[in-house]
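Some notes on the structure that comes next.
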Amino acid sequence: PTGLTAKFQSKGKKFWGSAADPNTLSKPGVVDILQREFGQVTPEYSMKWDATEPSRGVYNFDQSDQLVNWAVSNGKLIRAHTFVWHSSLPSWVQGINDHDTLTNVIANHVGALAGHFKGKVYCNISNGLSRFQWDVVNEVLNDDGTLRDSVFSRVLGESFIPLAFKVARDVDPGAVRYINDYSLEWDSPKTRAMVDLVNRINANDGSQMIQGIGSQMHLEPGKTGGALSALQILAGANVQEIAITELDIEFASPDDYKTILSACLQVSKCVSITSWGVSDTDSWRASFTPLLFDGNYNPKQAYHDVIGAMS
Ligand code: G3I
């Protein structure tokens, strides 16, 4: 097999994906690489609350539908991102201070998005893959493991998390439901708090409401040594799978990328890696050249070494 996702699948993993959106899908250099190398896409912006429900009850799926339609017609899986996040959140939501109002607003938003995309995604998944993963909630913990301050936690405490997961499960039981965060790439208080949070919520519900944990892995150079133990800690939670969901590593050293690849390969619950973009040019932090392809869409040394490590 050739290409990142084919090689990764030959090692028993589900896919190696990349962030994308209409802005990058308009670049032939990106599309060529996505088609050849990657088996999954994550909308970098177009499914966020700012983009999908800019005012209450008014939904806009134009950009996200372009991403989903491209993925379906190109046979790519989708990591949908993200129902509930404190950032890219319209001010009309941020200003809510009433418990029942916010509960209804969250339930309506999650229900509308889960329902909209459930109907649209017909990826014929041959090898039993679930067609869709949802980042149901994103970045709900502080580095010390306490609940992050947001309109959601201020008004509803921790209960906004099971609320979002319950609506997602009721509306689209076929999607795999993830909780996603950063700084989960070493044995930190946050990593252990994430496991406690997931186990607490799943125990309270008596089922696996949270089925997966996403570790974003926006990494600094030389800071990859703790990744294996972190993935092992996350895999110890009551979840069916974990995933590396937004991988980019400052200056993209081959050794750093090989360390992350090796960590995922050694943890059976680690089902996928998603790079946070194709080319350095389009990275949210382009100046750190953190990705596997350069500004001319050529593969970098880290790409060759990662491919070699899977051959
Ligand atoms: O604001 C415009 C909006 O008016 C316009 O309609 C839209 C159309 O594309 O673009 C918007 O521009 C920017 C958007 O990216 C699309 O390029 C937003 O201003 C800008 O804030 C947004 O940045 C994204 C950021 O999340 C905030 O949503 C980055 O591209 C994206 O890489 C970054 O990704 C996050 C993950 O979602 C969560 N983990 C951290 C990661 C890095 O911050």
Using mean Cβ contacts within 10 Å as the protection proxy, how do 209-219, 275-285, 18-28 order, highest first? 209-219, 275-285, 18-28
If region 184-239 were replaced by its equivalent ellipsoid, with semi-axes equal to the square roots of 5 times the Cα gyration tensor eigenvalues, what would those be, largest first, whole Å? 24, 9, 8
Given points 7 Å out from each Cα along the Cα-Cβ axis, report the Asn60 to Ala309 separation in nanometres with one decimal. 4.0
C-alpha center-to-center spacing [region 34-58, region 235-257] in angstrom: 21
Relative contact order for the chain, counting Cα pairs under 8 Å that sit 6 or more residues apart, in percent: 17
Which order do Arg154, Arg169 fall in if you start with the one that has the fewest other Cβ atoms within 10 Å? Arg154, Arg169
Would you please report the Å³ per residue occupied by the convex hull of the alpha carbon atoms in region 15-123? 95
Specify the inter-centroid distance of region 1-17 and region 65-110, based on alpha-carbon positions, in whole Å. 29
Stokes-Einstein D for region 143-293, Kirkwood Rh over Cα pairs, 20 °C, 1.002 mPa s (µm²/s): 133
Jot down the radius of gyration and Dmax of region 215-311, Cα atoms only, both in angstrom. 13.1, 43
Thr2-Asp143 FRET efficiency (beta carbon distance; Förster radius 35 Å; 0.05 resolution): 0.30
Built amide H within the under 5 Å cut-off of His218, gap 5+: Ser183, Asp248
Which entries in Lys27/Lys258; Lys76/Lys190; Lys7/Lys190; Lys7/Lys48; Lys76/Lys118 show an alpha-carbon gap greater than 25 Å? Lys27/Lys258; Lys76/Lys190; Lys7/Lys190; Lys7/Lys48
For the chain, fraction of C-alpha pairs farther apart than 29 Å, in %: 31
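No lab work stands behind these numbers, since they all come straight from the coordinates. A quick note: this is a predicted structure, and the numbers were derived from the prediction, not measured. Methodologically, a virtual Cβ is constructed for each residue, glycine included, from the backbone with ideal geometry; neighbour enumeration extends over all protein chains shown.
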